[in-house]
Every structure is written in structure tokens, then in C-alpha cells.
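For reference, the structure is listed below as C-alpha cells.
The values are calculated or read from the model by the stated rules, or taken from the named source; none is laboratory data. Keep in mind that this is a model prediction, so the values were computed, not measured. Methodologically, a virtual Cβ is constructed for each residue, glycine included, from the backbone with ideal geometry; neighbour enumeration extends over all protein chains shown. Protein only, heavy atoms only, side chains kept; ligands, DNA and RNA dropped before computing areas. Shrake-Rupley method; radii C 1.70, N 1.55, O 1.52, S 1.80 Å.
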Amino acid sequence: MAIKLDGAALAARLKEQIRLEAASLPRPPMLAVVLAGEDPASQIYVRGKERDCAECGILSRTHRLPADVSQEELLSLASRLNHDKSVDGVLVQLPLPEGLDPRPVLHALAPEKDVDCFHPLNAGLLSLGEPRFLPCTPAGILTLLDEYNVPIRGRRCVIIGRSRLVGRPLAQLLTARDGTVTLCHSRTEDLPFLTRQADVLVCAAGRPGLVTADMVKPGAAVIDVSMNRVPGGTLTGDVDFPGVEPIAGFLTPVPGGVGPMTRACLLQNVLRAARLRQSV
Ligand code: NAP
């Protein structure tokens, strides 16, 4: 039976550490969140982030904007937050309402406040192996693997999903840790052939039931990033959990695996941004 990679428990310990470190700074770190529109999932995520900040002694301020906010208004808010000396980190909750292009907004954020690591400068530094911030979900996955002593060096790592948010930056981080990485996507041929070779298999496709027992190498570490809302409202990942559990060596639950780790890593980035700014 696979060992459960308990992201919720580890994230709780990390948050306690973050709380102590935040309290040791000259002033509490401050996260500004930009939330445009009424997307229900985004509202839940932002409330979660506000709660996380409060628990760790990090101040947070959410700028709630109507769904018909203009691109110019968003850019002007980004500029105000960049210049606001009380703000250490800025996060734009995605997706933006239809008709708005997130890229100019994300690119307009001051790189030193870009705690989601989306700015091209931060993405570039990451790809050069000199990250300023670690992208939250990939960093959360690595921290979880390290906690359970899952080896990466020399191992075959297969990632399903090549998004900018998860797959691509994770491929860079695993490569930097000497993993041998295969990055798969919707056009990949014979996905099961590849996944069966994986010592570390990460699924971030957003397709419930995509990964079945016959696709998993015995003893592999299987990381299910996806959070799919299925009819009835429950959350499920991409992995057939009951089928894969007897085969894998390690397995993340959904929820309680990668999600809490992503949130903890965001707080670490806010702390880091505050340290960087408060030390100059
Ligand atoms: P995304 O931007 O939609 O990317 C999905 C990726 O999966 C794409 O690269 C796509 O390929 C690939 N894909 C889709 N169907 C596939 C298939 N049948 N076989 C192989 N590859 C396939 O999604 P995302 O933003 O990365 O998020 C992915 C999932 O992770 C979502 O469920 C999201 O909610 C979840 N998520 C969770 C966390 C967390 O903290 N737990 C954080 C971020 C995201 P193409 O590139 O060819 O289209």
C-alpha cells in the first residue's frame, strides 16, 4: 500500500515556521491580492489565502473588482501596488474575467513583488537556475517529496501537463535536482508507455480518471496535482486513487496533498519578498 504524502500535515508545520519567521521581521509582511469578477472557485481560493495569511501573522488586503473592470484599470492598480511601500507581495487571482488578457497585468507587476513567480524576469531566472521566487505548486511538490525522502537524482520523472503554472516550471526544478524529466501533454503518443517508466509521476492534466493502475510503475511516487470538481461538488484528482494505492510507493490524496503545499509555498514567497524588501 502506498505511503500517503500528507501535504496538509506538512503544510501545517511549515505555516508554524512561517509564523515565527514573520514575527521576527521589523514589520509584518503584507500581501495584496487582486480579485476581479465573481468566479466562485476564485472567491474560495482567495478566502483561503486570506485565512492562511492571518494564521501566519501576514497582513493581506484584497482588491475586489467588478467583472467589467477594464484592462487599463487593472494595469493602473498594478502600478499603484508596485509603488505602495506597505505592500511586499502582489498576487493576481486567475482566471481574469472573460475579455481580459492576464499577461500584460502579470508582466506589469514589480518582479520583486511577484510572489506567484509569473513575471517573465522571474520565469527567466528560474530557467537559468537562479530563482528569486520558486513557483508555488512545483515548490510545494518538491518540498513534499523531500519530506518523505523520495529520491529525484537520476530518477525518471514523468509530468503530465505542460502548463506555465505547473508542468513547465516543475520540469525545470526536477531537472535542476538531477531528475531525468519527460514532459507530457495532450498530443503525447502512448502516454502509458511513458508513465510506466516513471519513478516519480506527476499528474496535472485536470482529467479525472486519466491515470489508472496499469499506468503506474510499482513503487513509484505518484503526485496528483489536479483538483477537478465532479458532479455533486466533490474534489477529485486525475489518479484513480483506489486502483493506484496498492501499486504506488507514495501517493498524494486529493484534497490534502499538493493543494495545502501550494498555499504554504505562497506564504514562504511573501515572507521572502518581505525579507528582500525590508533588508534594502
Ligand atoms: P492547464 O493549463 O489546463 O494544463 C493542462 C495540461 O494538461 C496541458 O498541458 C494539457 O496539454 C495537458 N493535458 C490535458 N489533457 C491531457 C491528456 N488527456 N493527456 C495528457 N495531457 C493532457 O491546467 P493547469 O493550470 O496546469 O492545472 C492542471 C490541474 O491542476 C487542474 O485540475 C488545476 O485545478 C490543478 N491545479 C492544482 C493546484 C494545486 O495547488 N493543487 C495548483 C495549480 C493547478 P496541452 O498543453 O497539449 O493542452
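Of all residues in region 200-217 being in a loop (DSSP other than H, G, I, E, B) and touching a helix residue (DSSP H, G or I) at 6+ places or on another chain (Cβ under 7 Å), which is farthest from the ligand (Cβ to nearest atom)?
Ranking the candidates gives Val216 first.
State which residue is nearest to the ligand (Cβ to nearest atom) when the search covers only region 142-153 and only residues that are without any contact (Cβ under 8 Å) to a residue 60 or more places away in the chain and surrounded by fewer than 16 Cβ atoms within 10 Å (Cβ to Cβ).
Within region 142-153, the match that is nearest to the ligand (Cβ to nearest atom) is Asp146.
If Arg272 passes every condition in (1) crowded, with 22+ Cβ neighbours inside 10 Å; (2) in contact with a strand residue (DSSP E or B) (Cβ under 9 Å, 6 or more places away or on another chain); (3) part of a helix (DSSP H, G or I) but one, which one does it miss?
If we test Arg272 against (1) crowded, with 22+ Cβ neighbours inside 10 Å; (2) in contact with a strand residue (DSSP E or B) (Cβ under 9 Å, 6 or more places away or on another chain); (3) part of a helix (DSSP H, G or I), just (1) comes out false.
Under 6 Å between Cβ atoms, at least 6 apart or on separate chains: pull out the pairs that start in region 154-165 with a residue that is farther than 12 Å from Asp224 by Cα and end on any residue that is near the ligand (Cβ under 9 Å from one of its atoms) and in a loop (DSSP other than H, G, I, E, B).
Close Cβ pairs (under 6 Å, with a partner that is near the ligand (Cβ under 9 Å from one of its atoms) and in a loop (DSSP other than H, G, I, E, B)) amount to Arg162/His185.
Which condition does Ala41 not pass, out of (1) modelled with pLDDT under 95; (2) not assigned by TED's automatic domain parsing to the domain that holds Arg103, if it passes all the others?
(2)
Only residues that are part of a loop (DSSP other than H, G, I, E, B) and buried (at least 17 other Cβ atoms within 10 Å of the Cβ): list them for region 37-56, please.
Residues satisfying the conditions are Gly37, Asp39, Cys56.
Pick from Phe133, Phe193: which is at pLDDT 95 or above, buried (at least 24 other Cβ atoms within 10 Å of the Cβ) and among the hydrophobic types (A, V, I, L, M, F, W, C)?
On inspection, the qualifying residue turns out to be Phe133.
Looking at Val244, Val216, Val222 in this structure, which one is free of Cβ contacts under 8 Å to residues at least 60 places away in the same chain, farther than 16 Å from Arg162 by Cα and either aliphatic (A, V, I, L, M) or in the same structural domain as Cys53 (by TED's automatic domain parsing) (or both)?
That would be Val216, the only listed residue that is free of Cβ contacts under 8 Å to residues at least 60 places away in the same chain, farther than 16 Å from Arg162 by Cα and either aliphatic (A, V, I, L, M) or in the same structural domain as Cys53 (by TED's automatic domain parsing) (or both).
Tell me which of these Leu266 doesn't satisfy, since it passes every other one: (1) out of contact with any helix residue (DSSP H, G or I) (no Cβ under 6 Å at 6 or more places or on another chain); (2) buried (at least 19 other Cβ atoms within 10 Å of the Cβ).
Condition not satisfied by Leu266: (1).
Which ones in region 227-240 are near the ligand (Cβ under 10 Å from one of its atoms) and either farther than 24 Å from Glu147 by Cβ or crowded, with 23+ Cβ neighbours inside 10 Å (or both)?
Asn228, Arg229, Gly237, Asp238
Quick check, is Ala171 in contact with a Leu (Cβ under 8 Å, 6 or more places away or on another chain), open to solvent by less than 50 Å² (accessible area, probe 1.4 Å) and touching a residue at least 24 places away in the same chain (Cβ under 8 Å)?
No.
Out of everything in region 245-260 that is within 16 Å of the ligand (Cβ to nearest atom) and open to solvent by less than 10 Å² (accessible area, probe 1.4 Å), what residue ends up being nearest to Met215 (Cα to Cα)?
Looking at residues that are within 16 Å of the ligand (Cβ to nearest atom) and open to solvent by less than 10 Å² (accessible area, probe 1.4 Å), I get Leu251.
With region 57-175 as the region, which strands (runs of 3 or more DSSP E) entirely inside it contain at least 3 residues that are within 30 Å of Val216 (Cβ to Cβ)?
Answer list for region 57-175: 156-160.
Of the numbered conditions (1) closer than 13 Å to Ala273 by Cα; (2) surrounded by fewer than 20 Cβ atoms within 10 Å (Cβ to Cβ); (3) of a type outside the set (Lys, Arg), Cys117 satisfies every one except a single condition; which is it?
Of the numbered conditions (1) closer than 13 Å to Ala273 by Cα; (2) surrounded by fewer than 20 Cβ atoms within 10 Å (Cβ to Cβ); (3) of a type outside the set (Lys, Arg), the odd one out for Cys117 is (2).
Output the residue which, of all residues in region 13-46 that are without any contact (Cβ under 8 Å) to a residue 40 or more places away in the chain and under 30 Å from Phe250 (Cα atoms), is nearest to the chain's Cα centre (by Cα).
Filtering first and then ranking leaves Ile44.
Within region 182-197, identify whether any single residue is farther than 23 Å from Leu10 by Cβ, within 16 Å of the ligand (Cβ to nearest atom) and of a type in the set (Phe, Trp, Tyr), and answer yes or no.
yes
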